[in-house]
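Below you'll find the structure, written out as structure tokens, and then a few comments.
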Amino acid sequence: MKPEARLEALGYELKSPSPTTPRKPYEALVQVGQIIYGSGNTSMDRHTGEVFAGRLGAEMEVEQAQEYARKATVNALTAIWTYLGDLSQVRRIVRMTGYVNSAPDFVRQAEVINAASELLLEVFGERGRHARSAIGVAQLPGGAAVEVELIVEVDT
């Protein structure tokens, strides 16, 4: 089964970015050889602009943030899918960096980002196994609960 079909079976839809998305002073992805470096993708709906916001350990529980981590990961995969046209070209998820909007005493960042890692394994199988960091931060763009960056190896 193709990765796109696995995502759909899990209840996630890949949607191309809105054509009205403003141009930014950076690239969503940069490819060097067979490696694609992704910019950060937050927990937001790219079409409506709704940000899934909140601070862990203050306004939000881990379970809700885990869903937001999955949404951020789907946003990162959408950028790769838009660029490649087909997620089957992903040879390996190399690395994920997950940022969690955290209250000062919140220490469960790894549990939040585990949901994103598990999603990648469900979508790509062993090709989705990756190195990872889960980092607590004081704030994220738009107050987002989670931000995810991916580095992937692709077939060229």
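What follows draws every value from the coordinates through simple rules; no lab data is involved. In this text the structure is predicted, and so the values were computed from the model without any measurement. Virtual Cβ from ideal backbone geometry, glycine too; neighbours counted across all protein chains shown.
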Problem set entry | Spin-label pair residue 32/residue 94, simplified geometry with 7 Å Cα→Cβ offset, distance in nm | 0.8
Seminar exercise, completed: Candidates for Cα extents along the principal axes in Å are [x] 113, 35, 27; [y] 74, 27, 22; [z] 44, 36, 30, and the calculated one carries label [z]
For this session: Work from the charge dipole of the chain (Cβ charges, +1 for Lys and Arg, -1 for Asp and Glu, about the Cα centre) and give the residue of 107, 41, 142 farthest towards its positive end.
Result: 41
Exercise. Amide H neighbours of residue 135 under 5 Å, counting only residues 5+ apart in sequence or on other chains, H built in-plane at 1.01 Å?
Worked result: 98, 99, 100
Seminar exercise, completed: So, over other residues within a Cβ distance under 15 Å of residue 65, counting Lys, Arg +1 and Asp, Glu -1, the net charge is -3
Exercise. Are there trypsin sites (Lys or Arg not before Pro) in the stretch 1-85 that DSSP marks as loop and that have at most 11 other Cβ atoms within 10 Å, and which are they?
Worked result: 23
Exercise. Which whole-number percent gives the relative contact order of the chain, counting Cα pairs below 8 Å spaced six or more residues apart?
Worked result: 34
Seminar exercise, completed: Among chymotrypsin sites (Phe, Trp or Tyr not before Pro) in the stretch 34-134, those in a DSSP loop whose Cβ has at most 14 other Cβ atoms within 10 Å are none
Seminar exercise, completed: Taking GluC sites (Glu not before Pro) as exposed when in a DSSP loop with at most 16 other Cβ atoms inside 10 Å, the chain has its longest clean stretch at 62-156
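Taking the Cα centre of the chain as the origin, how large is its charge dipole in debye, to the nearest 20, when only Lys and Arg (+1) and Asp and Glu (-1) carry charge on their Cβ atoms?
Value, rounded to 20: 420 debye.
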For this session: Give the order of 51, 90, 137 when sorted by the count of other beta carbons within 10 angstrom, beginning with the fewest.
Result: 137, 51, 90
